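Input: a single structure, listed below in structure tokens.
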Amino acid sequence: MSSNRIRILLAALLLIALATLPFWATRYMVSILLLICLYMTLASMWNLLAGYSGLISLGQQMFIGIGGYSLAVLSMYHGLPIFLSVFLGGVISVLLAVLISLPIFRMKGVYFAIGTWIIAEALGICFSNWGYVRYGMGLFIQPAYRLSMSTIYYAALVLCIGSIALIYLLLRSNLGLALMAIRDDDRASEAIGVNIFRCKFTCFLLSAFITGMTAGVLYLNTIFIQPFEAFGIGWTVKLLFIVIIGGLGTVAGPIVGAAVFVVLQQYLSEYVGFNLIIFGTITISVIFFTPKGIVGTFQEKLGFEIFPIRRR
Amino acid sequence: MAMLEVKNLNVYYGGFQALSDITLSVERDQIVSILGSNGAGKSTLLKTISGLLKPSTGSIHFNGEKIDPLGPHDIVKLGLALVPEGRKIFSTLTVLENLLIGSYSPGARRTKDEQLENVFELFPRLAERKGQLGSTLSGGEQQMLAIGRALMSQPRLIIFDEISLGLSPVMVKHLYHAVNRIKQKGMVVVLVEQDVKRSLKTADFAYILQEGKIRLKGNPKDFTEEEVKKAYFGL
């Protein structure tokens, strides 16, 4: 059997296992995989920016907050169907991304990082002073009570598989090629006809859309949303951890990283306070000893890619 | 109407005037040579034509269209390609990817398979090394790749910046042969060079730059050695 057929077979088995999970696994396992799916999606979107577009965003939490609050407000105050609210959360995130792109894309590198972070912080402060969303006390997303764990799990699974497929196709498209060229040498790629701004902007909007929707599903599971948690830098720190240990700039990196992160988080949750020290130590060790992360290192050693995106 | 028309171009780096009052034109079916020593302003002129620098005054028309206000990607789309000095190939991309990125603009994308075939016919070596990373190629092969990449954008005019820099005489001869074939295919060629002898032999028309000004222009066959030396070195 060729390696391609083995790959398809393994992928099919994995998909079937994931799709039937609520029927044979424990509730605890479903809840763990739900979290893995959500973190995978969020981390893939951060990776699309940092790993492929050269946009180091420290403000992904602005879309998490906006997605979560959109869900709460639209489904509770306006009585919209839950999953329509989740979708609209993504749309509103895109609108926010368009709105801030004018100033934010004038900043480069570390200034872009700080700029995105400041916007997220500012939004957190705005929401905590806004009576409409009950200030800093937060909101219970009541319509989500009715949803079963497996419904939320399926929503997360669809988002996760959909976004990984989307990233894979995007990287194999002309846009993906252009992103690789920009990462290699931005001046040369510009001289050859690549519109750098348009490439980065497209990725920024896509990342906002999917992050906003994922946040909706995330808050269907959490049920409670509160501004300083939703718009907190903690989200991006987690995504950074996931992508760095998984492998920055690889499609499979965030997948492996998210699984490692969620499992570690479960085991370390007993040691409150220590867990952050352990996460920090792991991240620094990875940066020092295997800067390409788990997936990047394996790809280099074995010469095998789970998601081959190169043209030869 | 000339293919490329540069009129009274002035370009500054801060307070330093890099180009003063440059006027030149490139006709169809020509190989035009722009010569000059280090710091004469050749690279500045190219950067301005390809849209990476904006002139303070003056205008650039390509195929009748005013291009000096346009960005580099729009200029490539109109059919003006540059083979940059030092090749500037993407070292982490494969040879095939380097070529495909050349046909990035929507117009060129439609015919990319055909273009790819043409490039491989011109440089069979690139076809052999299709899957290799750009960084693993020799200097000459990298220059072929840079030329191939420019051809992928389906240019009407192609500018070669220092095509022979750092290459062996055999390779230089091979590349000049390719330049002639590119001209035969109906593209207009502009050579920007320090290698005076060879480029004057190839060109139908030449400009010699010195300190940002045009010192000598005309058909290189009419130049005397004395004139060239004076224009080139300022002696």
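Taking other residues whose beta carbon is less than 15 angstrom from the beta carbon of residue A:289, and scoring Lys, Arg as +1 and Asp, Glu as -1, yields +1. Scaled to the globular estimate 2.2 N^0.38 Å, the Cα spread of chain B, given as radius of gyration, is 0.99. Basic side chains Lys and Arg get +1 at the Cβ, acidic Asp and Glu get -1 at the Cβ, and with that the dipole of the protein assembly as shown about its Cα centre reaches some 560 debye. Within a straight-line Cα-Cα reach of under 16 Å, residue A:238 can be paired with the following aspartates and glutamates, leaving aside sequence neighbours fewer than 8 residues apart in one chain: A:229. In a simple Cβ point-charge model (Lys, Arg +1; Asp, Glu -1; nothing else charged), chain A has a dipole of about 580 debye relative to its Cα centre. Relative contact order, whole percent, for chain A stands at 30, derived from Cα pairs under 8 Å and 6 or more residues apart. By the Cβ distance rule of under 4.7 Å, the protein assembly as shown has these cysteines without a partner: A:126, A:199, A:203.
Among B:69-77, A:5-13, A:241-249, A:136-144, sorting by the average number of other beta carbon atoms lying within 10 angstrom of each residue, highest first, gives A:241-249, B:69-77, A:136-144, A:5-13.
Taking a Cβ cut-off of under 14 Å around residue B:124, the surrounding Lys, Arg, Asp and Glu residues balance to a net charge of 0, with basic ones at +1 and acidic ones at -1. Within 10 Å of the Cβ of each residue in A:181-189, the mean number of Cβ atoms contributed by other protein chains is 6.
Modelled label positions at residue A:265 and residue B:120, each set 7 Å beyond Cα in the direction of Cβ, lie 4.8 nm from each other. Measuring between alpha carbons in the structure, the pairs from B:197/B:217; B:88/B:130; B:112/B:183; A:292/B:130; B:77/B:173; B:42/B:66 lying more than 23 angstrom apart are A:292/B:130; B:77/B:173.
Suppose only helical runs count, i.e. DSSP H with n ≥ 4. What mean residue ellipticity at 222 nm does that imply for chain A under -39500 (n - 2.57) per run, divided by all residues and rounded to the nearest 500 deg cm²/dmol? Mind showing how you got there, number by number?
Numbers: 15 runs with 224 residues, N = 312.
Per the formula, -23500 deg cm²/dmol.
Once C-alpha pairs closer than 8 Å and six or more residues apart are averaged by separation and normalised to the residue number of segment A:45-131, the relative contact order reads 39 percent. Towards the positive end of the charge dipole of chain A, with charges on Cβ (+1 Lys, Arg; -1 Asp, Glu), say which of A:269, A:243, A:130 has the farthest Cα. Value computed over the given set: A:243.
Compute the FRET efficiency between residue A:304 and residue A:277 as 1/(1 + (r/R0)^6), taking r as their Cβ-Cβ distance and R0 = 30 Å, and round to the nearest 0.05. Each step should come with its number before you reach the end.
Details: r = 34 Å, r/R0 = 1.15.
Step by step, r from the Cβ atoms, then E = 0.30.
Rg of the Cα atoms in the protein assembly as shown, relative to 2.2 N^0.38 Å, amounts to 1.17.
Segment B:1-63 and segment A:144-202 have Cα centres spaced 39 Å apart.
Partner shielding of B:85-96 amounts to 4, given as the average count of beta-carbon atoms from other chains within 10 Å of each residue beta-carbon.
Please return the longest range in chain A lying between exposed loop sites, taking GluC sites (Glu not before Pro), DSSP loop only, at most 16 other beta-carbon atoms within 10 Å, and leaving the sites out. Mind dumping the intermediate values first?
Working: sites that count: A:270, A:305.
The longest such stretch corresponds to A:1-269.
Any idea what the alpha-carbon Rg over 2.2 N^0.38 Å comes to for segment B:80-154? List each step's numbers first, then the result.
Values: Rg = 11.0 Å, N = 75, 2.2 N^0.38 = 11.3 Å.
My calculation over the Cα atoms of segment B:80-154 gives 0.97.
Pairwise Cα distances in segment A:3-302 exceed 38 Å for 11 percent of all pairs.
Reducing segment A:256-312 and segment B:109-139 to their Cα centroids gives an inter-centroid distance of 37 Å. Panel note: the C-alpha atoms of segment A:81-121, placed on their principal axes, show extents of 39, 18, 13 Å (largest first).
With each run of n ≥ 4 DSSP H residues scored as -39500 (n - 2.57), what mean residue ellipticity at 222 nm is computed for chain B after dividing by its residue count and rounding to the nearest 500 deg cm²/dmol?
Values: 10 runs with 88 residues, N = 235.
Calculated at 222 nm, the ellipticity per residue is -10500 deg cm²/dmol.
Using 0.36 nm per residue and subtracting the Cα-Cα separation, the extra length available between residue A:15 and residue A:114 on full extension is 31.8 nm.
As an exercise, use a Förster radius of 30 Å and the Cβ-Cβ distance of residue A:135 and residue A:29 to find the FRET efficiency, rounded to the nearest 0.05. Write out the running numbers ahead of the final one.
Working: r = 37 Å, r/R0 = 1.24.
Taking R0 as 30 Å, the efficiency between residue A:135 and residue A:29 is 0.20.
Read-outs: derived from the displayed coordinates by stated rules, not from any lab. Every value quoted in this text rests on a predicted model; they were computed, and no experiment measured them. All Cβ positions, glycine included, derive from the backbone under ideal geometry; neighbour counts span all protein chains shown.
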